[in-house]
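The values are calculated or read from the model by the stated rules, or taken from the named source; none is laboratory data. Computed from a prediction, not measured in an experiment: that's the story for all the values here. Heads up, the Cβs are rebuilt from the backbone with ideal geometry, glycines too, and the neighbour counts pull from every protein chain shown.
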Amino acid sequence: MTESVSETATESAVEAVDAYLDALADALRFDPPLAARVVEEVGDHLECALAAEADGADPDATDAGGAAARVIARFGAPRRIAAQFAALALQQQADRLWRLAALVALVAFAAMGLRRWHLDPVEMDSDPLALAALALDRLAFIAALLLGLWGGWLARDARRRWQPGARDWARLFAGLRLSLVALAALMLSVAADTALTVPRLTDAAVENVGPGTLWPAAALTLEITLVLVLAVAVSRCRDHAAVVRRLLA
C-alpha cells in the first residue's frame, strides 16, 4: 500500500513539473528555439532541486507531490521566469542587431567607394537624375548612420541600467523606432546606389572593361542582401521587445 501511495505521489510530482514546463514553453512560444533551451535548462534545475529535496526528506515520506510544489514555488511563476529569460535573450539579440547594422554600414560605404573607383564617376555625368540619385545616396546614408547611432545609444542606455520600468521601456522602444527609420533611410540609400551602379555595370560589360568591375557588382549584391537581413532582424527585435514588455507587465 505504501509503495502504491509513493508511486502515486511520484506521478503527481512529474505531472506538476510537466505542467510547469508546459506553461513556461507557452509563455515563450513566440521564440521556439528559446523556449526549447529554457525548458531544457529549467527542467534540469527542477530535477536537481527535487533530488536535493528527496535527499533531505524522511526516507519513509511519500510526499513527492508536496516536494514538487515546494520546489516550483521557490522557482517562481512560469511567466516571471519566462520574462527573465526573454529579457536576457532580447539583450543578446539587440547586441547582434547593432553589430549587424555596423557591418551593413561598412559594406554600404565600401560599395559607394568601389563604384567610384572602378566605374564611370557619376560626377562627370550630365544626367540630372544621376546627380540627384548620387545626392540622395549620400544624404540617405548619412541620415541612416546618424539615426542608427542615436537609436543604438538609446537602446544600450536602457539595457545598461536595466530596470523594467516605464522610462527604460520608453527609451528602448524609442531606440528601436529610430532604428526602423534608419533602416528605411539605408534602404533608400541602397536603392539609389543600385540605380547608379547597375547602368554603369551594364556599360562596362558592353565596353569589355577589365575584371575590376566585379568588385562593385559583388559589393552591391552583398549590400542588398545584408540590408534585407537587417530588416528582418530589426522587425524580430521589435516584436521580441513587445513580448518581453507584455510578460513583465
Of all residues in the range 188-198, count the ones that are surrounded by 17 or more Cβ atoms within 10 Å (Cβ to Cβ) and either more than 24 Å from LEU145 (Cα to Cα) or of a type in the set (A, V, I, L, M) (or both). 4
For a quick check of your reading of the model, give me the residue pairs whose first member lies in the range 15-31 and is more than 15 Å from ASP44 (Cα to Cα) and buried (at least 19 other Cβ atoms within 10 Å of the Cβ), whose second is among the aromatic types (Phe, Trp, Tyr) and at pLDDT below 90, with beta-carbon atoms closer than 8 Å and at least 6 apart or on different chains. LEU28/PHE85
Run THR197 past the list (1) within 15 Å of ALA105 (Cα to Cα); (2) at pLDDT below 90; (3) hydroxyl-bearing (Ser, Thr, Tyr) and report the number of the one that doesn't hold. (1)
Against the definition (surrounded by fewer than 21 Cβ atoms within 10 Å (Cβ to Cβ), at pLDDT 85 or above and among the basic types (Lys, Arg)), how does ARG160 come out, yes or no? no
Which of the residues spanning the range 20-73 are modelled with pLDDT of 80 or more, among the small types (Gly, Ala, Ser) and not in a helix (DSSP H, G or I)? none
Return the pairs, sorted by first residue and then second, in which the second residue is modelled with pLDDT of 80 or more and not hydrophobic (A, V, I, L, M, F, W, C), the first residue lies in the range 86-103 and is crowded, with 20+ Cβ neighbours inside 10 Å, the beta carbons are less than 7 Å apart, and the residues are 6+ apart or on different chains. LEU90/HIS240; ALA101/GLY148
Counting only residues in the range 230-241 that are surrounded by 14 or more Cβ atoms within 10 Å (Cβ to Cβ) and among the hydrophobic types (A, V, I, L, M, F, W, C), the one farthest from LEU183 (Cα to Cα) is identified as ALA241
Could you check the range 104-151 and list, in sequence order, the residues that are within 23 Å of the chain's Cα centre (by Cα) and touching a residue at least 60 places away in the same chain (Cβ under 8 Å)? VAL104, ALA105, VAL107, ALA108
